[in-house]
Amino acid sequence: MLFEQIAANKRKTVFIVLGFFIFVMLVGCAIGILVYNNYLNGLIMAAVIGAIYIAIMIFSSSKVVMTMNRAKEVTSKDQEPVLWDTVESMAMVAGIPMPKVYIVEDPSPNAFATGISPEKGAVAVTRGLLNKLERYELEGVIAHEVAHIRNYDIRLSTIAIALVAVVAILSDLAMRMLFWGSITGGNNNRKSNDNNGGGGAQAIIYIVALVFVILAPIIATAIQFALSRNREYLADATAIELTRNPQGLADALRKIGGDTTKMKQPSAASESIYFTTPSKGEKKKKEKAGMFDSHPPIASRIERLEHM
């Protein structure tokens with residue numbers, strides 16, 4: 001069951017990521033039709049902006065994330081011996097270099113990982129997580145975060161965040177260019193083409209492209225969260241592969257799910273990389289995840305663990 005779950009989640013992730021890239025290119029094509037009356041120009045523009053933005057995000061994401069979440073680095077074992085030993089042992093089992101260790105001084109129990117590769121990995125936990133979990137429960141949570149690093153989930157999440165931003169930029173750019181074109185008469189070429197024949201078909205294509213561009217940021221966000229939910233299931237399964245103890249992670253999820261302490265200043269941009277949703281509330285009581293939930297319901301995660 002464990003290895004079947006890991007394999008199934010990896011297959012789903014490949015399809016989601018591939019679909020995401022295709023979606024961004026389709027947005028570019030739609031913008032090309034709307035602005036240039038040529039889909040190829042929009043496709044090239046989307047590819048160039050996407051490549052640049054992804055590169056910027058990948059090379060600057062780790063420091064930015066730690067700063068946004070007010071995480072302070074633990075530089076020696078003497079500072080946090082239990083946390084240090086747990087991260088070190090889980091990294092050793094996973095076969096990756098020991099990640100950097102960070103503490104977020106917040107009473108809500110939670111954790112997250114960053115790093116575009118295992119060599120640049122980092123694990124951060126809140127003070128509430130250290131104070132409220134037993135050692136075997138902490139081990140389950142750390143194994144989950146180390147799994148994210150080993151599986152290159154953070155790089156994937158960073159690319160997903162970048163693609164969502166690219167779609168938003170492209171959509172906004174298209175609206176501005178259309179607005180400016182309507183004022184300056186830049187759409188005269190399209191109007192003349194419509195008058196020369198095929199106007200009805202072109203008008204339909206234009207309307208479909210316009211609706212697609214308007215809805216694109218919403219669709220992109222939904223795809224990003226679907227990818228995030230799938231990676232949470234995969235990290236849970238991989239954590240059990242590392243610890244051989246489903247009970248530790250399941251008990252940690254129960255304890256965290258029952259805790260009502262809210263994070264003081266959660267970073268909205270980082271919500272998808274946390275162990276559980278930072279904003280406590282009704283989301284955790286759902287049996288099924290909504291389209292715009294960044295994490296699967298805790299009950300669903302526990303159920304899967306109990307079958308491993």
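The values are calculated or read from the model by the stated rules, or taken from the named source; none is laboratory data. Quick caveat: nothing in here was measured; it's all calculated off a predicted structure. Ideal geometry is used to build each Cβ from the backbone, glycine not excepted, and the neighbour counts take in all protein chains shown. Quick note on the areas: whole protein, heavy atoms, side chains included, nothing else; ligands and nucleic acids left out. Shrake-Rupley method; radii C 1.70, N 1.55, O 1.52, S 1.80 Å.
Consider M68 carefully, then state whether it is open to solvent by 20 Å² or more (accessible area, probe 1.4 Å), farther than 23 Å from K255 by Cβ, hydrophobic (A, V, I, L, M, F, W, C) and touching a residue at least 60 places away in the same chain (Cβ under 8 Å). Outline the logic, then answer.
Details: open to solvent by 20 Å² or more (accessible area, probe 1.4 Å): yes; farther than 23 Å from K255 by Cβ: yes; hydrophobic (A, V, I, L, M, F, W, C): yes; touching a residue at least 60 places away in the same chain (Cβ under 8 Å): yes.
Criteria met by M68.
Could you check the range 71-92 and list, in sequence order, the residues that are open to solvent by less than 30 Å² (accessible area, probe 1.4 Å), in contact with a Leu (Cβ under 8 Å, 6 or more places away or on another chain) and within 14 Å of I142 (Cα to Cα)? Working first, answer last.
Here is the first cut: in the range 71-92, the ones open to solvent by less than 30 Å² (accessible area, probe 1.4 Å) are 71, 74, 83, 86-87, 90-91.
Applying the additional criterion that residues be in contact with a Leu (Cβ under 8 Å, 6 or more places away or on another chain) yields 74, 83, 86, 90.
Selection gives L83, T86, M90.
Name the residue that is modelled with the highest pLDDT, counting only residues in the range 137-158 that are within 16 Å of the chain's Cα centre (by Cα) and acidic (D, E).
For the range 137-158, the residue satisfying everything is E145.
List the number of the failed condition for D106; all other conditions in (1) open to solvent by 10 Å² or more (accessible area, probe 1.4 Å); (2) part of a loop (DSSP other than H, G, I, E, B) hold.
Every condition holds for D106 apart from (1).
Looking at the range 49-65 only, could you name the residues that are out of contact with any strand residue (DSSP E or B) (no Cβ under 8 Å at 6 or more places or on another chain) and open to solvent by less than 80 Å² (accessible area, probe 1.4 Å)? Quick ask: steps written out before the conclusion?
Kept after step one, since they are out of contact with any strand residue (DSSP E or B) (no Cβ under 8 Å at 6 or more places or on another chain), are these residues of the range 49-65: 49-60, 63-64.
Listed by number, the residues that qualify are I49, G50, A51, Y53, I54, A55, M57, I58, S60, V64.
Is it true that some residue in the range 251-263 is closer than 15 Å to E306 by Cβ, surrounded by fewer than 18 Cβ atoms within 10 Å (Cβ to Cβ) and in contact (Cβ under 8 Å) with a residue 60 or more places away in the chain?
Checked against the condition, which is being closer than 15 Å to E306 by Cβ, surrounded by fewer than 18 Cβ atoms within 10 Å (Cβ to Cβ) and in contact (Cβ under 8 Å) with a residue 60 or more places away in the chain, the range 251-263 yields no hits at all.
Got at least one residue in the range 248-258 being at pLDDT 85 or above, assigned to a helix (DSSP H, G or I) and in contact with a His (Cβ under 8 Å, 6 or more places away or on another chain)? Steps first, answer last, please.
Pass one, the range 248-258, residues at pLDDT 85 or above: 248-258.
Keeping just the survivors that are assigned to a helix (DSSP H, G or I) gives 248-258.
Add one more test, that the residue is in contact with a His (Cβ under 8 Å, 6 or more places away or on another chain), and what stays is 249.
Checked the range 248-258: at least one residue is at pLDDT 85 or above, assigned to a helix (DSSP H, G or I) and in contact with a His (Cβ under 8 Å, 6 or more places away or on another chain).
Specify which of the listed residues (I219, I161, I169) is modelled with pLDDT under 80, part of a helix (DSSP H, G or I) and open to solvent by 40 Å² or more (accessible area, probe 1.4 Å).
Working: I219 fails: modelled with pLDDT under 80; I169 fails: modelled with pLDDT under 80.
It is I161.
Being assigned by the TED database to the domain that holds G248, touching a Lys or Arg at 6+ places or on another chain (Cβ under 8 Å), open to solvent by 30 Å² or more (accessible area, probe 1.4 Å) and under 28 Å from R11 (Cα atoms) narrows it down to one residue among G95, G121; which is it?
Working: G121 fails: open to solvent by 30 Å² or more (accessible area, probe 1.4 Å).
From the options G95, G121, the qualifying one is G95.
Between a first residue in the range 3-31 that is modelled with pLDDT under 70 and a second residue that is assigned to a helix (DSSP H, G or I) and surrounded by 13 or more Cβ atoms within 10 Å (Cβ to Cβ), which pairs have beta carbons less than 6 Å apart while being 6 or more apart in sequence or on different chains?
The qualifying pairs are Q5/A237; I6/A237; N9/N230; N9/Y233; N9/L234; T13/N230.
Would you check which residues across the range 209-252 are in contact with a Lys or Arg (Cβ under 8 Å, 6 or more places away or on another chain) and of a type in the set (D, E) and list them?
Result: E232, D236.
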